[in-house]
Every structure is written in C-alpha cells, then in structure tokens.
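Okay, structure first, notes after.
The values are calculated or read from the model by the stated rules, or taken from the named source; none is laboratory data. Keep in mind the model is a prediction, meaning the values are calculated, not measured. Every residue, glycine among them, receives a Cβ derived from its backbone with ideal geometry; neighbour counts consider all protein chains shown.
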Amino acid sequence: MKIHVVMVEPEIPQNTGNIARTCAAIGAKLHLVKPLGFEIQDKYLKRAGLDYWDKLEIEEHESLTEFLKAYPIEQHAMFLASTKSQKTYTEVDYTKMEEVFVLFGKETKGLPEDLLQEHLDRAIRIPMRSTLRSLNLSNSVAIIVYEILRQKEFEGLEEISSYFQ
C-alpha cells in the first residue's frame, strides 16, 4: 500500500518537519501544496526532520488546483481531514485500498470550505472534545496514517527494532 500525505498550504515549518519525519519512517509520500508559509531550506523544518530528508519521497505542487489536476479526487482513494466532518477516520475501511491520499489543510484555516462541501463524503475527522479547535497538525497526520497502517497490519514495516536483536 502507498500512503500519500498531502499538506495544503502548510504554515509552520516545525509541523511540516515532523510530518516529513513520519512520512520517511513509514514510507509515505509527502506532497507539499504551495504557497508554503516557509522556505524548504528553513532551519526549523530541517531540524524537525533531522537526518530523514534523504529517505523522504516528496513532491511539490504549485497550487491545490495543480495537485487536483495531477491527482483527481474521483480517480483516487482520497480523504479530506477536517474537524467539520461527521465521519471519523476509523469508520473508513482502508484494507482493500492499494493507495490512499489524505489531505490536510493549513494550521490556521484547514482545507478550503468549497473543497470540503463538494466532497463531504470523503471528509474524515479525529474525535475530540467540542470545546477545542483542533489537534496539532503533525499529531493529526500521525494518528490517521497509523490507523491506515494498523488496518493493513503494518504491512512493510518492521515489527521489532533491530536495536533489540
């Protein structure tokens, strides 16, 4: 299975660095959709990703429109992470999917409202207390991608670290 983590207009370099590290650790492809709130060479981004950058598959897109031209929603198993969804990320059966795309919006606004309204059937959320706005973006990515991996029985990942052998 191939997981695609799509960051639409990320603003905080540390979040993106942490997400890049998660993607490298699980073999997911990271898509960065511009405009970005930082430069790819940002020291905070690099520090958060540490020495994982050479192990990361990454693709940059000039805009959300360009990303959706390259990867049309209707032709892919694509999900939109949003606090505004009725369906939780655990309600989706990822087991028969060969490839999964999960789109995450910018830290301050999330994904564009019109995109969410047009594809509400593909929106997923992480349950949380209603009095809070949202979880940290890098935590949200980790929660959702690890559920996808759990359903696929962590296919392709080591079960025991070589450290213990």
Open item on the list: Considering only residues that are touching a residue at least 12 places away in the same chain (Cβ under 8 Å) and surrounded by fewer than 19 Cβ atoms within 10 Å (Cβ to Cβ), which ones fall in segment 104-114?
Closed with: Glu107, Thr108, Pro112
Open item on the list: For segment 127-157, which positions are aliphatic (A, V, I, L, M) and either in contact with a strand residue (DSSP E or B) (Cβ under 7 Å, 6 or more places away or on another chain) or at pLDDT 95 or above (or both)?
Closed with: Leu137, Val141, Ala142, Ile143, Ile144, Val145, Ile148, Leu149
Open item on the list: Please go through segment 61-95 and give me each residue that is loosely packed, with under 14 Cβ neighbours inside 10 Å and either part of a helix (DSSP H, G or I) or at pLDDT below 95 (or both), ordered by number.
Closed with: Thr65, Glu66, Lys69, Ala70, Glu74, Gln75, Lys84, Gln86, Glu91
Task: Subset of segment 115-131 [in contact with a helix residue (DSSP H, G or I) (Cβ under 7 Å, 6 or more places away or on another chain), β-branched (Val, Ile, Thr) and over 9 Å from Lys87 (Cβ atoms)] - done: Ile126
Task: Residues being assigned to a loop (DSSP other than H, G, I, E, B), closer than 15 Å to Leu64 by Cβ and either without any contact (Cβ under 8 Å) to a residue 12 or more places away in the chain or touching a Lys or Arg at 6+ places or on another chain (Cβ under 9 Å) (or both) - total across segment 1-36 - done: 3
TODO: Take segment 79-105 and flag every residue that is of a type in the set (Phe, Trp, Tyr) and in contact with a Leu (Cβ under 8 Å, 6 or more places away or on another chain).
DONE: Phe79, Phe104
TODO: Mind counting the residues in segment 28-45 that are modelled with pLDDT of 90 or more and of a type in the set (D, E, K, R)?
DONE: 2
Task: Only one of Ala48, Ala20, Ala25 that is under 20 Å from Phe154 (Cα atoms), surrounded by fewer than 21 Cβ atoms within 10 Å (Cβ to Cβ) and modelled with pLDDT under 95 - done: Ala25
Task: Qualifying positions in segment 72-85 - closer than 18 Å to Val141 by Cα and not hydroxyl-bearing (Ser, Thr, Tyr) - done: Ala77, Met78, Phe79, Leu80, Ala81, Lys84
